[in-house]
Amino acid sequence: MKKRIDPSLWKPKDIKSLEANAEKAIKKIEKNIIVTAGPGSGKTELLAQKACYLLETNQCKSPKRILAISFKRDAAKNIKDRVELRVGKDLAKRFDSFTFDAFATNILSRFRKGLPEIFRPSKDYEIDFTLSNRNIMRELIFSFQEENGLTGYDLSTLNPSSFEREYLCKNKLTLDGISIKTTGGLVSKLIWHKKLHNGNSSSQLSFNMISRLSEFILRLNPIVLNSLRQTYAYVFLDEFQDTTQIQYDLLKTCFKGSKSNLTAVGDSKQRIMSWAGALENIFDIFAYDFQAERIYLHSNYRSAPRLVEIQHAIIKELEGEYTLLPVPTNTSYKKEEGVCSVFEYDTEEIEAHHLTNMIIKLMIEEKVSPREICILTRKTPETYTSKLIGKLYLEGIEARIENEFQDLLAEPLIILILNLLKLIAFKRNPTAWEEVLTYLLNSEINYDDTYKKSSEIEIKLENFIKKSKENIQSQLQIDTLLKEIVNFLDLNKIKAAFPQYKRDKYWKDLCNKLYDRLNEYLSGSDLKEAIRKLEGENAIPIMTMHKSKGLEFYAVFFIGLEDSS
C-alpha cells in the first residue's frame, strides 16, 4: 500500500509546475467549484492531477471513490489512463470514469426493478440509436395515425428532428405518467409504451430515455440515491459546457444537497453540442444550484505563441475587448512559432493535390508521423475528403475516417481482446501483458492466498498464449480465435467488471465489428499487420470537430469551409 502524502507536501505528477489558479482548483475541496479555461489550458489534466491529490493524500478516504463524467468514451478512457499512470493501479481502482450515457445506463441496468411497472424496461433492453434520425422518428410518429383520434394533420405539426428533446424526454418522469394534454404529449406517451413494452421483444431505449429512467429511479428510491452519494465523495465533470437539460437533471438529482464535492471544468466558447440541447448558461445554473466558486485558468500549455495570438482575436470577437485572454506558457516554443494559414482552391482536385504535397513535406522534412497530423471537417467527413484520401493513397499514404474506430477502440472489452491478440501475434508486449493480467487478477484473485493465485493466473495466461500461437501458425481462423479469447476472459466476469456488457446484443455487436475489420485487414496481411491497421498506426486520422475535442496534433488541416457547407 502506498504511503499517504501530507497535503502540504504533495506535488503535481509528471509535470513541472501548475499555475496558481490550477493549484487552487486542485486543493480546494471544501466547496464545489467551476474551472473555466480556453483550449490548451490543461482542463482534463487538472482533473487527473486533482484525482492524484485526493487519492495520494487520503483526502478521499477508502472506501470512498471519485466519479469522473465525460462526454466521449475516448475522453473517459483518457482521464482514467492518466490517473492510473500517475498513482498506480491500486489507488486508481477507486477512480471511476464514465460517459454520461454509460453512467445512466449503469444505474438503469442495476436498479431497473426500482421503477414502476409502466416504466420498467425488460432486463435485456437494447440501445436504440435511431430516434435522432429525422426520417425514422417521422415514421415512428406517423405510425400512430388514427390511433387515439390522431390525424395526419395533427402529426404533421410535430418536428421529427427535435421531437425526442422537445417532447419525448423533455420533462422528468412522474408516477402519473406522460402528460397527454397536447398532441406531442400523447405521441410521447404512445412511444414510451411501445419502446418499453414492445410485445415479446426487448425494450428499445435511446440514451436520453435511459437518463430519464435513471433519474426517476433515484427519485423513487432514497436508499439507492443515498448509496450513490455515500460511494462518491468527489465528482468531476469534464467538458461541462456541453451538458444538456436531461443530463443536468440527472446530475442534480444525484448530488444536489449531498456532501459530495463537485468540480466542473469547461469553456463556454467551445460549446459544440447546442444542436443536441446543450444549455447555453449551464455555468451560471450550476453556480446557483451548487453554490460553486468560479476559478479561471490563464495558461495555454498546448499551443505555439502565434496560435495563442489568433485565439486572442477570436475570443475578443466572441466575448468583448476586455475579456480575460490566455497566456502562452509552453517554454519549448520560440516566440514566433506557430503557423495558421488560409488557402482557397477552385476545385477539390487542386485542394487535394496541394494538401497532399504539404503533408508529404511535413512527413519528410519535419519527420512528422501520420498520427500527428489530423484532417478536420465540421461534419460528414466522407463528403469532403474522398479526393484527398485518393490522392494520398496514390502517394502511399493512408488516411482514414476515424468515427467508427474511435468508438470501437475505446470499448474496454475491445481493448482487452486486442491486448490478448497482441500477446499472441507479437513476441513481446509488456503493456498488453500488464493490462490483461491486471484484469484477470481483479476478476479472479483470492485475497487469502494472493501470491499463489497470482502465479496460477500467470501460468494460465502463458498457456493460453502459447496454445493460441501454435493454432494460428497452423491455420488462422480469426472468428474461432475471437471466440476462444472471449471464453478465456470469461463472459460472466466481463459483465461483472463492465456492466454495460450485461446486454448480450451490445457486446456481440462490438465483437462482430471487430471481426469484420480484422477479417478485412487480414486479406494479404498477417495478424500483426492487421492489428496495426485496425489501430491506425500509420494512418492520418480524419474526423469531425466533435470527435477531435481534447485531442492534440502537430498539424491540423481544416477543410470544407466554403459557404455552401
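Suppose we filter 63, 12 for residues that are part of a loop (DSSP other than H, G, I, E, B), over 30 Å from residue 402 (Cα atoms) and touching a Leu at 6+ places or on another chain (Cβ under 7 Å); which single one remains?
So the residue among 63, 12 that is part of a loop (DSSP other than H, G, I, E, B), over 30 Å from residue 402 (Cα atoms) and touching a Leu at 6+ places or on another chain (Cβ under 7 Å) is 12.
Please find, within the range 56-101, the residue that is surrounded by the fewest Cβ atoms within 10 Å (Cβ to Cβ) out of those that are among the basic types (Lys, Arg) and touching a Cys at 6+ places or on another chain (Cβ under 8 Å).
Top of the filtered list is 86.
As an exercise: evaluate residue 438 against (1) among the polar types (S, T, N, Q); (2) modelled with pLDDT of 90 or more; (3) surrounded by 13 or more Cβ atoms within 10 Å (Cβ to Cβ) and give the number of the one condition it does not meet.
Every listed condition holds for residue 438 apart from (2).
Step by step: first the residues of the range 493-525, then only those that are over 20 Å from residue 439 (Cα atoms) and aromatic (Phe, Trp, Tyr), then the one that is least open to solvent (accessible area, probe 1.4 Å). Which residue is that?
It comes out as 521.
Taking the range 459-492 only, how many residues are open to solvent by 70 Å² or more (accessible area, probe 1.4 Å) and at pLDDT 90 or above?
Within the range 459-492, residues that are open to solvent by 70 Å² or more (accessible area, probe 1.4 Å) and at pLDDT 90 or above number 8.
For residue 387, all conditions in the list (1) crowded, with 18+ Cβ neighbours inside 10 Å; (2) not in a strand (DSSP E or B) hold save one; what is the number of the exception?
Exception for residue 387: condition (1).
Could you list, in sequence order, all residues of the range 115-139 that are more than 24 Å from residue 509 (Cα to Cα) and buried (at least 19 other Cβ atoms within 10 Å of the Cβ)?
115, 119
Kindly provide the set of residues from the range 74-91 that are under 11 Å from the mean Cα position of the chain (by Cα) and within 15 Å of residue 552 (Cβ to Cβ), ordered by number.
The answer is 74, 75, 78, 79.
Looking only at the range 141-163, count every residue that is under 29 Å from residue 243 (Cα atoms) and open to solvent by 20 Å² or more (accessible area, probe 1.4 Å) and tell me the total.
The qualifying residues number 3.
Note down all Cβ pairs under 9 Å where the first residue falls in the range 156-174 and is without any contact (Cβ under 8 Å) to a residue 12 or more places away in the chain, the second is open to solvent by 10 Å² or more (accessible area, probe 1.4 Å) and part of a loop (DSSP other than H, G, I, E, B), and they're at least six residues apart or on different chains.
162/277; 171/178; 171/179
Anything in the range 19-29 that is free of Cβ contacts under 8 Å to residues at least 60 places away in the same chain, open to solvent by 40 Å² or more (accessible area, probe 1.4 Å) and either of a type outside the set (Gly, Ala, Ser) or in contact with a Ser or Thr (Cβ under 6 Å, 6 or more places away or on another chain) (or both)? List them, or say none.
Answer for the range 19-29, where residues must be free of Cβ contacts under 8 Å to residues at least 60 places away in the same chain, open to solvent by 40 Å² or more (accessible area, probe 1.4 Å) and either of a type outside the set (Gly, Ala, Ser) or in contact with a Ser or Thr (Cβ under 6 Å, 6 or more places away or on another chain) (or both): 23, 27.
For the range 548-559, which positions are outside any strand (DSSP E or B) and either modelled with pLDDT of 90 or more or out of contact with any helix residue (DSSP H, G or I) (no Cβ under 6 Å at 6 or more places or on another chain) (or both)?
Those that are outside any strand (DSSP E or B) and either modelled with pLDDT of 90 or more or out of contact with any helix residue (DSSP H, G or I) (no Cβ under 6 Å at 6 or more places or on another chain) (or both): 548, 549, 551, 552, 553, 554, 559.
Please find, within the range 305-336, the residue that is least open to solvent (accessible area, probe 1.4 Å) out of those that are at pLDDT below 85 and within 21 Å of residue 15 (Cβ to Cβ).
Checked the range 305-336; the qualifying residue least open to solvent (accessible area, probe 1.4 Å) is 326.
Taking only pairs six or more apart or across chains, which ones have beta-carbon atoms under 8 Å, a first residue in the range 276-300 that is on the phi > 0 side of the Ramachandran plot and outside any helix (DSSP H, G or I), and a second residue that is of a type in the set (Ser, Thr, Tyr) and surrounded by 15 or more Cβ atoms within 10 Å (Cβ to Cβ)?
Correct list of pairs: 277/244.
Among 43, 13, 50, which is under 17 Å from residue 88 (Cβ atoms), basic (Lys, Arg) and either modelled with pLDDT under 90 or over 20 Å from the mean Cα position of the chain (by Cα) (or both)?
Result: 13 is the single residue among 43, 13, 50 that is under 17 Å from residue 88 (Cβ atoms), basic (Lys, Arg) and either modelled with pLDDT under 90 or over 20 Å from the mean Cα position of the chain (by Cα) (or both).
Here is a check on your reading of the model: is residue 185 of a type outside the set (Phe, Trp, Tyr) and on the phi > 0 side of the Ramachandran plot?
no
Of all helices (runs of 4 or more DSSP H) completely enclosed by the range 170-270, which ones contain at least 3 residues that are of a type in the set (Phe, Trp, Tyr) and under 24 Å from residue 296 (Cα atoms)?
none
Sort out which residues of the range 81-129 are touching a residue at least 40 places away in the same chain (Cβ under 8 Å) and among the hydroxyl-bearing types (Ser, Thr, Tyr), and write them in order of number.
Result: 105, 109, 122, 125.
Only one of these is of a type outside the set (D, E, K, R), touching a helix residue (DSSP H, G or I) at 6+ places or on another chain (Cβ under 6 Å) and surrounded by fewer than 16 Cβ atoms within 10 Å (Cβ to Cβ): 179, 188. Name it.
179
Name, by its number, the condition in (1) part of a helix (DSSP H, G or I); (2) under 25 Å from the mean Cα position of the chain (by Cα); (3) of a type outside the set (S, T, N, Q) that does not hold for residue 316.
(2)
Can you pull out every residue in the range 179-233 that is under 16 Å from residue 169 (Cα atoms), basic (Lys, Arg) and under 30 Å from the mean Cα position of the chain (by Cα)?
Result: 194, 195, 212.
The values are calculated or read from the model by the stated rules, or taken from the named source; none is laboratory data. Keep in mind it's a predicted model, so treat the numbers as computed, not measured. Glycine also receives a Cβ, built like all others from the backbone with ideal geometry; neighbour counts cover every protein chain displayed. Accessible surface is based on the protein model in full, side chains and every heavy atom, while ligands, DNA and RNA are left aside. Shrake-Rupley method; radii C 1.70, N 1.55, O 1.52, S 1.80 Å.
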